[in-house]
Amino acid sequence: MVGSLALVWASAMRRRYRSAVGLDGERIERLRGWFDAQLLASVRVARPQQVRLIGASVARRLGVRGLPIEPAGICLGQVVVIEEGVGLETDVLFHELVHTVQWEVLGKGYEDGGGLEGMARAMTGRFANGERFDVQAEIERERRAKWIH
């Protein structure tokens, strides 16, 4: 039930942020070492003053735990929403792009008990340390190891 509500919510949020714009060429070039050029060209970024997932009372009713209610950024598939005051040079954009790849490769949101978030955080830490790796290849390896039996 929460899964279908999450999909409805994500669809409504994508409509809310339909004015999102693509990444500029400089950012695409900077991130190309980690992400596929096609993905970088297709993702759009919205920059609201504040990112709010859901209200605390709605979160309690849905039984949602472990997700921040007011994060710096969120992934809605091909639409990434990052708070206006957060620079796009930060790790937040990278982190949300990892979720975009997860969304595409795994075909699911955050219904795995936090494993996808943990994976995104670990990859973001490696990115922050300057490590080069192919995000999609690693997520596909993870999918084969854990999600396909």
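For the reader, a short list of remarks on this structure follows.
- For segment 123-132, the condition of being at pLDDT 85 or above, under 15 Å from C75 (Cβ atoms) and of a type outside the set (F, W, Y) holds for at least one residue.
- Residue, farthest from the chain's Cα centre (by Cα), within segment 74-93, restricted to residues that are more than 17 Å from Q49 (Cβ to Cβ) and among the charged types (D, E, K, R): E89
This table checks each residue for (1) modelled with pLDDT under 80; (2) surrounded by 12 or more Cβ atoms within 10 Å (Cβ to Cβ); (3) at negative phi.
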position: A37; (1), (2), (3): no, no, yes
position: R61; (1), (2), (3): yes, no, yes
position: L67; (1), (2), (3): yes, yes, yes
position: V81; (1), (2), (3): no, yes, yes
position: V98; (1), (2), (3): no, yes, yes
position: V105; (1), (2), (3): no, yes, yes
position: D112; (1), (2), (3): yes, yes, yes
position: Q136; (1), (2), (3): no, yes, yes
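- The number of residues in segment 16-53 being in a helix (DSSP H, G or I) and of a type outside the set (A, V, I, L, M) comes to 8.
The values are calculated or read from the model by the stated rules, or taken from the named source; none is laboratory data. Not measured: the values here are computed from a predicted model. So basically every Cβ, Gly included, is an ideal-geometry build from the backbone, and we count neighbours across all protein chains shown.
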